[in-house]
Amino acid sequence: MTKGKNAIITGSTSGIGLGIAEAMAGAGMNVMLNGFGDPVEIEATRADLEKRHGVAVGYHAADVSKPDEIADLVATAAKETGPADVIVNNAGIQTVAPVEEFPIDKWDAILAINLSSAFHTTRLSVPGMKERKWGRIINVASAHGLVASPFKSAYVAAKHGMVGLTKTVALEVAEFGVTCNAICPGYVLTPLVEKQIPDTAKARGISEEDVVRDVILDAQATKQFVTVEQLGALAVFLCSDAAAQITGTALPMDGGWTAH
Ligand code: NAD
């Protein structure tokens with residue numbers, strides 16, 4: 001079912017996106033990687049995925065805050081790894097600051113990268129998916145797409161917006177064999193989370209150790225981080241036949257965080 005499908009995964013040079021790329025390539029899907037990083041390391045990752053899984057793996061350096069670069073990503077993927085059957089909107093950034101001090105340029109960047117990029121990949125890929133009568137749009141939102149935390153106004157707004165976009169698109173494409181769902185992870189120990197520990201410590205006036213224990217893991221009932229392998233498996237499941245009737249949802253994988 002998933003074998004031979006073509007996926008574009010934004011922000012897949014690191015963290016969750018890379019975990020999803022690994023899982024999708026492992027399920028026999030061709031993958032177009034995207035994101036920033038050291039070109040030598042990215043090429044090594046690309047070649048390794050291709051060799052180990054025997055699928056086509058490409059890379060495109062689009063900055064997904066720029067609609068014209070997203071258009072080039074989608075067009076290049078169609079040529080190099082095949083027209084997108086699966087879009088994983090995963091690229092994301094974070095800034096932690098009180099709302100009255102929130103840097104305006106960071107607000108704009110978070111909205112562009114964490115929300116508007118998903119609109120652009122979706123609008124560019126839906127026509128082909130509808131034509132082929134099959135498609136999967138997977139939006140990597142967050143538990144912060146369902147609940148808020150202080151000092152993350154832009155991120156929480158963008159992720160709630162992504163859940164709204166997910167529901168709307170799901171309704172529009174429902175009769176064309178295309179599903180659209182949001183995955184809402186709790187905390188995953190990736191560079192994105194590691195980077196915000198010092199800022200959260202500053203914003204709350206507590207130590208970095210206290211941030212991990214009392215802020216990050218306090219939110220998760222299991223007291224464990226979610227792993228990128230678990231999220232990769234969920235994304236592959238959403239591409240399966242078994243998931244054909246799951247659409248318009250916001251699926252938490254958050255160790256019980258949003259059950260509170
Ligand atoms: P990460 O920092 O490890 O990876 C982010 C990826 O996005 C990288 O590949 C980076 O190069 C790419 N990226 C950033 N800006 C980009 C841009 N302008 N254009 C193209 N690519 C860009 O972060 P992560 O933790 O793996 O986060 C991935 C997604 O998961 C994000 O949307 C994040 O909000 C979401 N998420 C993360 C967590 C967590 O705890 N880590 C929890 C819930 C949701």
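A few notes on this one:
- Being more than 10 Å from the ligand (Cβ to nearest atom), assigned to a helix (DSSP H, G or I) and in contact with a strand residue (DSSP E or B) (Cβ under 9 Å, 6 or more places away or on another chain) holds for only one residue in ASP108, ASP72, and it is ASP72.
- Every residue from the range 15-48 that is of a type outside the set (A, V, I, L, M, F, W, C) and either under 14 Å from VAL88 (Cα atoms) or at pLDDT below 95 (or both): GLY15, GLY17, GLY19, GLU22, ASN30, ASN34, GLY35
- Exclusive hit being more than 9 Å from the ligand (Cβ to nearest atom), closer than 21 Å to GLU229 by Cβ and of a type in the set (Asp, Glu), set GLU80, GLU22: GLU22
- Residues of the range 75-105 satisfying the condition of being open to solvent by less than 50 Å² (accessible area, probe 1.4 Å), part of a helix (DSSP H, G or I) and of a type in the set (Val, Ile, Thr): THR76
- The set of residues in the range 160-182 that are more than 25 Å from SER240 (Cβ to Cβ) and touching a residue at least 40 places away in the same chain (Cβ under 8 Å) contains only GLY161.
- Counted residues, the range 1-46 - those being touching a residue at least 24 places away in the same chain (Cβ under 8 Å) and not in a helix (DSSP H, G or I): 25
- Residues of the range 172-224 classified as away from the ligand (no atom under 15 Å from the Cβ), open to solvent by 20 Å² or more (accessible area, probe 1.4 Å) and not in a helix (DSSP H, G or I), total: 5
- Selection status of LYS159, basic (Lys, Arg), modelled with pLDDT under 95 and within 10 Å of the ligand (Cβ to nearest atom): no
- Among (1) within 12 Å of the ligand (Cβ to nearest atom); (2) over 24 Å from VAL163 (Cβ atoms); (3) open to solvent by 50 Å² or more (accessible area, probe 1.4 Å), the one test that THR13 misses: (3)
- Pairs, first closer than 19 Å to ALA7 by Cα in the range 236-249, second modelled with pLDDT under 95, C-beta under 8 Å, six or more apart: VAL236/THR2; CYS239/MET1; CYS239/THR2; SER240/MET1; SER240/THR2; ASP241/MET1
The values are calculated or read from the model by the stated rules, or taken from the named source; none is laboratory data. As the structure is a prediction and not an experimental result, all values here were calculated from the model. Methodologically, a virtual Cβ is constructed for each residue, glycine included, from the backbone with ideal geometry; neighbour enumeration extends over all protein chains shown. Only protein heavy atoms, including side chains, enter the accessible area calculation; ligands, DNA and RNA are left aside. Shrake-Rupley method; radii C 1.70, N 1.55, O 1.52, S 1.80 Å.
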